[in-house]
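Take a look at the structure set out below.
The values are calculated or read from the model by the stated rules, or taken from the named source; none is laboratory data. Note that this is a predicted model, so its numbers are computed, not measured. Glycine gets a Cβ as well: all are built from the backbone with ideal geometry, and neighbour counts include every protein chain shown.
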Amino acid sequence: MELEDFTITAAALLGLISLFKNLLVFIRWLHATFLRQPKNLREYGSWAVVTGPTDGIGKALAFELASKGLNLVLVGRNPSKLEATSSELRWRYGNEIQVKTVVADLAKLSGLEIEAAVASATEGLDVGVVVNNAGAAQGHPFAKYFHEVDDESMESILRVNVNAVVWVTKGVIGGMLKKKRGAIVNIGSGSTVYVSSFPLQTLYASTKAFMAMFSKSVALEYKDQGIDIQCQVPLFTATKMTMLKKRPIFVPSAEMFSRASIRWIGYDRQCNPYWSHAVEGFVFHTLDTISVWYIERYMTWMRKKGLEQDRHL
Ligand SMILES: NC(=O)c1ccc[n+]([C@@H]2O[C@H](COP(=O)([O-])OP(=O)(O)OC[C@H]3O[C@@H](n4cnc5c(N)ncnc54)[C@H](OP(=O)(O)O)[C@@H]3O)[C@@H](O)[C@H]2O)c1
């Protein structure tokens, strides 16, 4: 065979292999997103712990877990919101489930205090699923330069998004190791996995990058012990954190996201459960340079809009 023919055949073969590989990835994604049977979460244990269950994704997840028959330990900072969420759950599910609440401001407690609060609230309970959902962002305006983030928000982002995740995990992992069963779900963010930088959300995205690495690494440490640890990396979801006045068509509500989220628990170490988020993530990742340019412009616009709103208050 001539060198030219050989080069063309080799290139065509490589192209075919790459096409086939991408097709397999796509088919696997379609199956996981729409067809795969969700795990029976009660097989991990009869109780679930959710941090930040009083609003947004955490609240919707608490309802989803309750709908699967799991009892709940709700860890939140606001006693009246915790009480309101528990009452809603009891009203919806009656005696089918039990609900316990723990008042803990994850931005104020030390790591050891968080671990102790979780360990004592779950003592004697068969804890199967733990969702590290509580998250702190920069506050208004949604996008800011690093030096503009006030000290309190900075402290709270670092403590809630990093410290609390580590110490809540420490508070429950011992019990899971003993019974060799458990699932831990950390709600990270697509801002850290699909694009190479996320300007004007620097601190938030960096803490979520920590969470992704923590989850993937600790997941490998315990994968043979019956403990499934996963980082879910959603993109924009309509909650109070994103301050969206109107939900754009491809942005899911917290309930839409949570229904998808539950289906992925116990599977991949990192995943993006909601279908439109996964598509967006793919596009962002493929066009990284353009994506980062767009994010910078969009965040700058959001900052400007937020500052204008502040001036009119
Ligand atoms: N929304 C999005 O577009 C998006 C995208 C990617 C990732 N995420 C992640 O998803 C998770 C949930 O976000 P969300 O959009 O549902 O936010 P959210 O609506 O603002 O709800 C956040 C929850 O965390 C709680 N929380 C905040 N600070 C706390 C603290 N210091 N101590 C205890 N609890 C605290 C809140 O309590 P209160 O009710 O008392 O405020 C609330 O229950 C976060 O980890 C976030 O980073 C969100």
### Task
Consider only pairs whose beta carbons are under 9 Å apart and that are at least six residues apart or on different chains; among these, list those whose first residue lies in the stretch 78-103 and is closer than 17 Å to Thr51 by Cβ and whose second residue is among the basic types (Lys, Arg) and outside any helix (DSSP H, G or I).
Ser86/Lys100; Val103/Arg77
### Residues located in the stretch 66-87, provided they are more than 23 Å from Thr242 (Cβ to Cβ) and in contact with a strand residue (DSSP E or B) (Cβ under 8 Å, 6 or more places away or on another chain)
Ala66, Leu70, Asn71, Leu72, Val73, Pro79, Glu83, Ser86
### Task
From Ala136, Ala60, Ala121, grab the single residue that is in contact with a strand residue (DSSP E or B) (Cβ under 6 Å, 6 or more places away or on another chain) and at pLDDT 95 or above.
Ala121
### Message
So in the stretch 65-85, with the set limited to residues that are assigned to a helix (DSSP H, G or I) and more than 13 Å from the ligand (Cβ to nearest atom), which one is surrounded by the fewest Cβ atoms within 10 Å (Cβ to Cβ)?
### Response
Ser67
### Cβ-Cβ under 7 Å pairs, at least 6 apart or on other chains, the stretch 1-29 side of a type in the set (Phe, Trp, Tyr), far side not in a loop (DSSP other than H, G, I, E, B)
Trp29/Ala278
### Task
Go through (1) closer than 25 Å to Ile262 by Cα; (2) over 18 Å from the mean Cα position of the chain (by Cα); (3) within 13 Å of the ligand (Cβ to nearest atom); (4) of a type outside the set (D, E, K, R) and name the single condition Leu109 misses.
(1)
### Selection within the stretch 121-162 - closer than 20 Å to Asn78 by Cβ and either more than 16 Å from the ligand (Cβ to nearest atom) or of a type in the set (D, E, K, R) (or both)
Glu152, Glu155, Arg159
#### Entry: Sole residue being aromatic (Phe, Trp, Tyr) and either in contact with an Asp or Glu (Cβ under 9 Å, 6 or more places away or on another chain) or away from the ligand (no atom under 16 Å from the Cβ) (or both), chosen from Tyr204, Tyr194
Tyr194
### Summary
Considering the stretch 169-189, residues that are out of contact with any strand residue (DSSP E or B) (no Cβ under 8 Å at 6 or more places or on another chain) and buried (at least 23 other Cβ atoms within 10 Å of the Cβ), and then whichever is farthest from Ala116 (Cα to Cα), we arrive at Ser189
### Query
Within the stretch 249-270, how many residues turn out to be farther than 16 Å from Ile57 by Cα and touching a residue at least 12 places away in the same chain (Cβ under 8 Å)?
6
### Query
Of the residues that sit in the stretch 46-64 and are of a type outside the set (A, V, I, L, M) and not in a helix (DSSP H, G or I), which one is farthest from the ligand (Cβ to nearest atom)?
Ser46
### Task
Please find, within the stretch 172-190, the residue that is farthest from Gln225 (Cα to Cα) out of those that are in contact (Cβ under 8 Å) with a residue 24 or more places away in the chain and basic (Lys, Arg).
Lys179
### From the options Glu221, Glu296, Glu255, residue that is touching a helix residue (DSSP H, G or I) at 6+ places or on another chain (Cβ under 9 Å) and charged (D, E, K, R)
Glu255
#### Entry: Identity of the residue in the stretch 91-146, within 27 Å of Thr202 (Cα to Cα) and of a type in the set (D, E, K, R), that ends up surrounded by the fewest Cβ atoms within 10 Å (Cβ to Cβ)
Lys108
### Task
Tell me, please, whether a residue that is surrounded by fewer than 13 Cβ atoms within 10 Å (Cβ to Cβ) and within 26 Å of His277 (Cβ to Cβ) can be found in the stretch 39-61.
yes
### Summary
Those residues of the stretch 10-45 which are within 28 Å of Ala260 (Cβ to Cβ) and of a type in the set (Val, Ile, Thr) amount to Val25, Ile27, Thr33
